[in-house]
Structures are given as C-alpha cells and as structure tokens.
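Every number here is computed from the coordinates shown, using simple stated rules; none is lab data. The structure presented is a predicted model; accordingly, all values stated were derived computationally and were not measured. Cβ coordinates were reconstructed from backbone atoms using ideal geometry, including for glycine residues, and neighbour counts include every protein chain displayed.
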Amino acid sequence: MSRQSQTAGSWVVLSGGSGGVKLACGLAQLLGERLSIIVNTGDDFTHLGLYIAPDIDTVLYALAGLVNEETGRGRRAETWTFMGALAQLGGPTWFKLGDGDLATHLDRTWRLSARERLTLIGAQQARALGVTARILPMSDEPVRTVVETDAGGLSFQEYFVREQCRPMVRAIRFVGVGVARPTREVVEALSAPDLAGILVGPSNPWLSVAPILAVPGMREVMRASGAPIVAISPIIGGKAVKGPTAKIMVELGLAPDSVAVAQHYAGLIDGFVIDRADQALQKDLRLPVLVTNTLMRSLDDKLALAQQCLAFCHRLGSRRAGAARVLP
C-alpha cells in the first residue's frame, strides 16, 4: 500500500510544547493544510499587560521555521533590547520576552482588546508567517493551569519558568475549564467526514494534554469522530526527553513509565506508541502498540515518527472497518 493512501484525508494532532511540537512539525511536512493542531492554552497568561500564549507561539514559530532550536521555544536569532531596558527600570525579568517575540504578543493583545477571537488571531498570524497547517486553540474561553505545590498554588508559568519546576507537585487543576467549550473550528476538525486519525502528541500528559481533554465536550467529540485515536508516549526508559513529566509522575504517586501514560489515556485511545527502549513494557499494555524510535533529534526523526504514526492509525482504521464488515 502506498504512503499516499496511508496519509489520505484530514488529520488532527493534540499538542502542548516540546515533543508535541516536534511531532507536529513532521506531520505538517507530510500533510500541509490537511493537518489541524489543537493546542493547549492552559499555559496562557497576562504578563506586563500582554496576552502570552506560549504553546501557540511555539507551534507557530516551529511550523514557520523560526523557532529557536536550542531552547525549543521563542524565536531564533532573537534580540533582547526590550528586556535589557526593562531590567534597567527594575521591571520583572523572570519571563523573557525577545524583541521579535514581543511583536507577536502585542499583535495578539490589541486584537483581543478589539474583541477578536483567539482562534482567528492565531489563524491570521499563521497565514502571515506562511504556515499552511491549521493552528487551533483548544478553546477561545480562558482556561488556566494551576499547579498545587508544597510552595502553594502556582500558575503554570510561575511553576515552569520562575520556579523552574523545583516545588513538589501535589495536584493540578484547570481554572475556568467548567465554562470553556471547544471552538467551532476544533469541532469541525474533529468531525470532518474525511478525518483519518487523531494523534495525541508526546507532550506532558498532565500539564499540556490534560487541559485540552478537560474542556467539556472535547473527549466526546473525539470519540464520536469514529477515527482511530493514537497517543505517543513522552517517556523513554523511565525519563522524559525534556521537561518535568517524569518528576511530576513520581510526585503524583505514579510510576514514571509508558504504562502509566497509557493508563492515563485509558478509555480514549485506540493505540499507543512507545520507544524501542521500552519494548519490554509492551506486554503490560492492553491495546495495540507501535514500537519505534520516538526520540526526535532531527527533521528526519520527526518525519519518520510522523510517517510511522500515520501508518499505524491507518492500520487501526482498516482493522476497525474490516471488523465492522463482518458483523451480521
């Protein structure tokens, strides 16, 4: 079967930062405008009067070829005149805003003040930077991730950036999620007649993916799509490739392995992707599993994993269709 037939139709990937963004880059190379990326907005916050959307911006910069590859976030070749001047004035400098990055936040903030929707602002910015894939905030209503720690309740950016993930995590909650809804663009992407598959990227399941899945109605519309849903583990050999995923799992009383990640997604996913380093865990996973290289160091790695995930989804979808045909 040809690669083209395996990737036909439209596709959706759920993404926070880091691993999810890398997979989205590989998928975007293969699918272009047929890819919709549902992005976590639980990390969003207002800083210095500006609306900052870190995960949206990381996806935007990565797909536009502008991301700082060393840090995995922000713009490459960034300049820091603004931050230097702010420091001279004694302003808060714990959250770095590069000069080019600042333009993105300013553009978003004044458009929001004019009552434009976050989704449409993101679409305009993506077009301006030549991105063909659809970047979709999970909701236009504000949802804010709060990390309950031994140092008290912290917003995501306070925990992740200012405190550098040092406090012990006790619980995670999503403020405002009860009144949030998936946008119509998200619902349309997940309800498309030609939807071939939904991928849950290897972002932090508790900090980056959980806010998306917590939006009322999100899980239901995903399952109602009828498309196979596949998650990719962010854990390799008991460690996170980047970020505090393994640390948080231990502090929440979970084993830092791919089995615990699969259990976290139980009832939602139809298949699971793990790294070759964790092949021995396959016997403990009670669903179809793809074992492959999930470490994405290069564009070739991103493309290879994206292709493998699309093919895995295609096989699951074909198996489901075949089972349906033999029913009386």
Next on the checklist: Let me check the size of the range 9-69 from its C-alpha atoms; what are the radius of gyration and Dmax in Å?
Outcome noted: 12.2, 42
Checklist entry - Tell me, in nm to one decimal, what length is gained between residue 70 and residue 163 on full extension, where the rule is 0.36 nm per residue of separation less the Cα-Cα distance? => result 31.4 nm
Checklist entry - Kirkwood-based Rg over Rh for the range 207-288 (C-alpha set), two decimals? => result 0.97
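Hey, can you rank 132-138, 215-221 by average C-beta count inside 10 Å, highest first?
With the highest mean Cβ count within 10 Å placed first, the list reads 132-138, 215-221.
In the range 62-111, how does Rg compare with the Kirkwood Rh, expressed as the Rg/Rh ratio over alpha carbon atoms?
1.00
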Item to check | Kirkwood-based Rg to Rh ratio, the range 131-197, C-alpha trace | outcome: 1.14
Checklist outcome for this item: Least to most buried among 272, 45, by other C-beta atoms within 10 Å and fewest first, runs 45, 272
Checklist outcome for this item: The helix 299-326 Cα axis meets the longest alpha-carbon principal axis of the chain at an angle in degrees, between 0 and 90 and rounded to 10, of 40 degrees
Checklist entry - Under a Cβ-Cβ cut-off of 10 Å, what is the net charge of the residues other than residue 15 that fall near it, where Lys and Arg count +1 and Asp and Glu count -1? => result 0
Checklist entry - Taking neighbour counts of Cβ atoms within 10 Å as a proxy for exposure, in what order, fewest first, do 318, 233, 18, 298 appear? => result 298, 318, 18, 233
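If you place +1 on the Cβ of every Lys and Arg and -1 on the Cβ of every Asp and Glu, how big does the dipole about the Cα centre of the chain come out, in debye to the nearest 20?
So the dipole magnitude of the chain works out to roughly 680 debye.
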Item to check | 29 Å tail of the calculated P(r), the range 1-148, as % of Cα pairs | outcome: 19 percent
Item to check | Gap separating the Cα centres of the range 257-325 and the range 124-198, nearest whole Å | outcome: 23 Å
Checklist outcome for this item: As a Kirkwood estimate from alpha-carbon pairs, the range 3-326 has a hydrodynamic radius in angstrom of 20.0 Å
Item to check | the chain: angle of helix 54-63 to the longest principal axis, Cα-based, in degrees nearest 10 | outcome: 70 degrees
Item to check | Integer Hz, Karplus 6.51/-1.76/1.60 couplings in order for the range 259-266, x for Gly and Pro | outcome: 4, 5, 5, 4, 5, 4, 9, 4
Checklist entry - At 37 °C and 0.692 mPa s, what whole-number value in µm²/s does Stokes-Einstein give for the translational diffusion of the range 115-156, with Rh from the Kirkwood sum over Cα pairs? => result 262 µm²/s
Checklist entry - In the range 3-326, what % of DSSP beta bridges are antiparallel (nearest 5)? => result 40 percent
Checklist entry - Based on the alpha-carbon gyration tensor of the range 160-217, what equivalent-ellipsoid semi-axes (square roots of 5 times the eigenvalues) come out, in whole Å, largest first? => result 28, 15, 9
Item to check | Quotient of Cα Rg and 2.2 N^0.38 Å for the range 172-328, N being how many residues it contains | outcome: 1.07
Checklist entry - Mind checking which of 197, 32, 74 has the largest fluctuation in a GNM of the chain, springs on alpha carbons under 10 Å? => result 32
Checklist outcome for this item: Residues other than residue 105 with Cβ under 14 Å of its Cβ, Lys/Arg counted +1 and Asp/Glu -1, net out at -3
Checklist entry - Taking only DSSP H segments of four or more residues, each worth -39500 (n - 2.57), what value at 222 nm results for the chain once the sum is divided by all its residues, to the nearest 500 deg cm²/dmol? => result -11000 deg cm²/dmol
